[in-house]
Amino acid sequence: MKEINVPRCYFSRLDTEGVKLQLNHFCDASEVGYGTASYLRIEYVDGFTECAFVIGKSRNAPIKTVSIPRLELQGALLAARMGSTIRKELDFKFEKVIFWTDSMIVLNYIRSESRRFQTYVANRVTEIRELTDPHQWKHCAGVMNPADDASRGLEMSDFLRSDRWLKGPSFLH
């Protein structure tokens, strides 16, 4: 554990005036659990861009078997709730807030205007839509999704070798 260092200052530079801030939330699920990871993307006036880890959260999958699409939806709900909490707690003006999932089923649930869902799905989609706008949701390839680390878990050696969890996916940079 001594080898893990989590920078708590989001900005590596002092010239923060005029920066563009973007909040990115990633969610994922597996048969083991579901989770979310949130990152602050900072673009300075001179074009330099960096990404800072804000928070991550995971939950174990229920003991009773639940389908992967339902777990993915639960991960999306966790991301939406975390997004709401972060926006309340951080005193920043975000240019954009984006939610990323690798589940096309979840994207279709959230974007659907007319479809009637079973109660379990309907309740979660309703809360997600109350907390977010469907246009904020985008698809992210599973191999690039840092929340995959939360949903499946990592051995400590793999965690130390990879900087994806603390720095976010490369496409944010």
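Residues that are of a type in the set (A, V, I, L, M) and not in a helix (DSSP H, G or I) were ranked within region 124-173; the one that is most open to solvent (accessible area, probe 1.4 Å) is Leu154.
When restricted to residues that are open to solvent by 10 Å² or more (accessible area, probe 1.4 Å) and assigned to a loop (DSSP other than H, G, I, E, B), region 1-42 contains 21.
Scanning region 43-57 for residues that are open to solvent by less than 60 Å² (accessible area, probe 1.4 Å), more than 15 Å from Trp165 (Cβ to Cβ) and of a type in the set (Phe, Trp, Tyr) returns a single hit, Tyr44. Could you say whether any residue in region 84-92 is under 15 Å from Ala37 (Cα atoms), among the small types (Gly, Ala, Ser) and open to solvent by less than 40 Å² (accessible area, probe 1.4 Å)? So far as region 84-92 goes, yes, one or more of its residues are under 15 Å from Ala37 (Cα atoms), among the small types (Gly, Ala, Ser) and open to solvent by less than 40 Å² (accessible area, probe 1.4 Å).
Restricting attention to region 45-88 and to residues that are part of a helix (DSSP H, G or I) and over 16 Å from the mean Cα position of the chain (by Cα), the residue that is nearest to Val19 (Cα to Cα) turns out to be Lys88. Selection over region 40-57 of residues that are of a type in the set (Gly, Ala, Ser) and modelled with pLDDT of 95 or more gives a count of 0.
Residues that are touching a Lys or Arg at 6+ places or on another chain (Cβ under 7 Å) and open to solvent by 40 Å² or more (accessible area, probe 1.4 Å) within region 95-113 comprise just one, Glu95. Taken over region 103-128, the criterion of being of a type in the set (Lys, Arg) and more than 15 Å from Leu78 (Cβ to Cβ) is satisfied by Arg111, Arg115, Arg116.
For the condition in contact (Cβ under 8 Å) with a residue 24 or more places away in the chain, touching a Cys at 6+ places or on another chain (Cβ under 6 Å) and on the phi < 0 side of the Ramachandran plot, Asp148 does not qualify. Remark: Asp91 falls outside the filter, which requires a residue to be farther than 17 Å from His25 by Cβ, assigned to a helix (DSSP H, G or I) and either touching a His at 6+ places or on another chain (Cβ under 7 Å) or free of Cβ contacts under 8 Å to residues at least 24 places away in the same chain (or both). Residue check: Leu154 meets all listed conditions (1) out of contact with any Ser or Thr (no Cβ under 7 Å at 6 or more places or on another chain); (2) closer than 13 Å to Thr36 by Cβ; (3) not β-branched (Val, Ile, Thr) but one, namely (2).
The values are calculated or read from the model by the stated rules, or taken from the named source; none is laboratory data. Because the structure is a prediction, the values reported are computed rather than measured. Here Cβ is always computed from backbone atoms with ideal geometry, including for glycine, and neighbour counts include all displayed protein chains. Heads up: the accessible areas ignore ligands, DNA and RNA and are worked out on the full protein's heavy atoms, side chains in. Shrake-Rupley method; radii C 1.70, N 1.55, O 1.52, S 1.80 Å.
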